[in-house]
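Let me begin by presenting the structure, written as structure tokens, before commenting on it.
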Amino acid sequence: MKISNPDIIRLAEIKSYFLDPPYTFRIHSYAMPQVDEAITILKKYNISAELMRQMEDLRQLLIGAESDVNTTREYMRSFAILLNRVNR
């Protein structure tokens, strides 16, 4: 199943934001809803189970890094890399 254009656009927006996350103490409150949205979008399509597992694992790591801004930013970059693998 091909990913719809609106979903591709939204995933690209999330990936772009995550590749260069802003420096803010509230970064976690911005990141988690976008991670959840990306995972929800991808669950609608036939995405590899391994890639989805890696995203879910990274989601759990992000939850654990709520109070650490630098770690949150690193996990966001890692999530963007996973999003980049969706089209491959």
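The values are calculated or read from the model by the stated rules, or taken from the named source; none is laboratory data. From a predicted model like this one, the values you see are computed outputs, not experimental measurements. Every residue, glycine among them, receives a Cβ derived from its backbone with ideal geometry; neighbour counts consider all protein chains shown. SASA here: full protein model, heavy atoms, side chains in, ligands and nucleic acids out. Shrake-Rupley method; radii C 1.70, N 1.55, O 1.52, S 1.80 Å.
Is at least one residue of the range 50-65 within 12 Å of the chain's Cα centre (by Cα), not in a helix (DSSP H, G or I) and not β-branched (V, I, T)?
For the range 50-65, residues within 12 Å of the chain's Cα centre (by Cα), not in a helix (DSSP H, G or I) and not β-branched (V, I, T): absent.
Starting from the range 2-26, take each residue that is within 24 Å of A65 (Cβ to Cβ) and list its partners that are assigned to a loop (DSSP other than H, G, I, E, B), counting only C-beta distances under 8 angstrom and pairs at least six apart or across chains.
L11/I3; L11/V86
Provide a single number: the residues in the range 24-44 that are at pLDDT below 95 and open to solvent by 70 Å² or more (accessible area, probe 1.4 Å).
Within the range 24-44, residues that are at pLDDT below 95 and open to solvent by 70 Å² or more (accessible area, probe 1.4 Å) number 5.
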